[in-house]
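Down below is the structure, laid out as structure tokens.
The values are calculated or read from the model by the stated rules, or taken from the named source; none is laboratory data. Keep in mind the model is a prediction, meaning the values are calculated, not measured. Counting neighbours? That spans all protein chains shown, and the Cβs are built from the backbone with ideal geometry, glycine included. To get the accessible areas, we keep the full protein, side chains included, count just its heavy atoms, and leave off ligands, DNA and RNA. Shrake-Rupley method; radii C 1.70, N 1.55, O 1.52, S 1.80 Å.
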Amino acid sequence: MSFDSLGLMPELLRAVREQGYEIPTPIQIQAIPLVLEGRDLMGRAQTGTGKTAGFTLPMLQLLAPHANTSASPARHPIRALILTPTRELAMQVEESVRTYGRHIPLRSTTIFGGVNINPQTKALRAGVEIVVATPGRLLDHQGQGNLNFSQLEILVLDEADRMLDMGFIRDIQKILGLLPAKRQTLLFSATFTDEIKQLASKFLRTPATVQITPQNTAAELVRQVVHPVDRERKRALLSHIIQTRKLEQVLVFTRTKHGANRLSEQLDKDGISSLAIHGNKSQPQRIKALEDFKRGAVRVLVATDIAARGLDIDTLPHVVNYELPQVPEDYIHRIGRTGRAGSEGEALSLVCVDEHSLLKDIEKLLRKELTKDVIHGYAPDPSIPAEPIQTGRQGGGSRGRGPARGPRPASGLAPRGERGRHPSRPGARGK
Ligand code: AMP
């Protein structure tokens, strides 16, 4: 199967070729023709499957008839809105829009919080066909009268499950209320939970469904190993692995922001250059951290789940779960940072006695047992009892969810994630 057989226009095929893509990924093969037909779509796929091109390419083609180089804002009404849970994902999706759309004169911009609103206002007023936004800041612009969705044709909800996890349901509902009822809606989510299905049944019209299960994407390509170790020896083991195996470009996950900072400091003490990335960092700090990591200036990037969500780092060779995630699906998201689009990767998990039940849940989800490899000198002491897992709920954690797994809180009551804030709400962060 080649890109040529998907019905894409020459300008897009050229951009794809320039990216060096030779064959479409499974989600692209399935999604592109359906979106081109104008169908609503529910796509079950996470980052790393090529889903962004899967919706961006056909979206650009559908909007191409409107492309023009006029300077008049009236000639550039908003035609497509892409909602994402995080700023990082918004930036990356918009970069894809620019990349794939480089031979089509359509304008695009990002809208997200934590940065000055004025340049965004200016971009919106100048006219822009494709807006990639996080929900809170988009509503700020709505409040300021900067948005007109009357010409909107396409809505994309990207990583919808994560948007719900982060407590964006009300914002999403408000935004949907602003859009024309007659439109094409595409929803992408790593999981199809009941909440997602509810959202889809309310806002999508007889959607086609495409599914890329983790089993036949990243999870299959990634070599996954569990290193059992004592809680207190994880840091030493991590340094040992990085140093003895001479690992470069390692993405390390911790459960909490605090844990990310602490680990990064400790790695530095061990002579391993590292940076922490999480929601408390300013946007310029995060961008810089990611850039330093991408160009190899730092060896280790320590991240929380939300901060890492949507990070687009090509050919990332190693992911380390310094702590297992509270939610098994996050394990899949994490290891999706490696083994992307054809390249093989490795995911190591340092697992202590406290995390045995989390590991079981992950193995259940993967439907396989992970290989256990005790590293010489780091065998866990079986007399150490399990302790309850520290989540960052009170202590500044990366997830808005507490230790209890199971059913999520009712819509609207869901605890907010790092970025799930809006000025009208209590606890809104300063802009
Ligand atoms: P995504 O799942 O959209 O985050 O994409 C994951 C990565 O795969 C991105 O770095 C894309 O640039 C890359 N990619 C997307 N489609 C293809 C393709 N058909 N061939 C090779 N790489 C691709």
Rounded to the nearest Å, the spacing of the alpha-carbon centers of segment 228-245 and segment 84-161 is 42 Å
Segment 118-277 accessible area per residue, 1.4 Å probe, protein heavy atoms, integer Å², reads 39 Å²
Protection proxy (average C-beta count within 10 Å per residue), highest first, orders 79-85, 110-116, 143-149 as 79-85, 110-116, 143-149
The Cα extents of segment 132-284 along the principal axes, largest first and rounded to whole Å, are 58, 39, 24
Too long for a 24 Å Cα-Cα cut-off, among 281/364; 246/269; 246/294; 174/281; 51/294, are 281/364; 174/281
Kirkwood-based Rg/Rh on the Cα set of segment 222-372 evaluates to 0.93
Relative contact order as a percentage, the chain, C-alpha pairs under 8 Å and 6+ apart, gives 18 percent
In degrees rounded to 10, the 0-90 angle between helix 283-294 Cα long axis and the longest Cα principal axis of the chain is 70 degrees
Cα extents of the chain along the principal axes, largest first, in whole Å, come to 69, 51, 40
For the chain, the longest principal axis of the Cα atoms and the Cα long axis of helix 87-100 enclose an angle in degrees, to the nearest 10, of 50 degrees
With +1 at each Lys and Arg Cβ and -1 at each Asp and Glu Cβ, the charge dipole magnitude of the chain around its Cα centre, to the nearest 20 debye, comes out at 1260 debye
Helix 234-244: inclination vs the chain longest Cα principal axis, degrees, rounded to 10, gives 80 degrees
Within the chain, excluding any GluC sites (Glu not before Pro) found in a DSSP loop (not H, G, I, E or B) and having at most 13 other Cβ atoms within 10 Å, the longest uninterrupted segment runs 38-247
Within the set 336, 43, 271, GNM on the chain using Cα springs under 10 Å gives the largest fluctuation to 271
Note, segment 275-280: 3J(HN,Hα) by Karplus (6.51, -1.76, 1.60, θ = phi - 60°), whole Hz, Gly/Pro = x, goes 9, 9, 10, 7, x, 7
Here the gain from full extension of residue 72 to residue 126, 0.36 nm per residue of separation minus their alpha-carbon distance, amounts to 18.7 nm
Whole-percent carbon and sulfur contribution to the accessible surface of segment 10-107 (1.4 Å, no ligands, DNA or RNA) stands at 50 percent
So residue 37 and residue 173, fully extended at 0.36 nm per residue minus their Cα-Cα distance, gain in nm 46.4 nm
Reduced to Cα centres, the span from segment 351-389 to segment 1-75 in Å works out to 42 Å
With -39,500 (n - 2.57) per DSSP H segment of 4 or more residues and division by the full residue count of the chain, the 222 nm estimate, nearest 500 deg cm²/dmol, is -10500 deg cm²/dmol
Residue 390 and residue 19 label points (each 7 Å along its Cα→Cβ direction) are spaced in nm at 4.1 nm
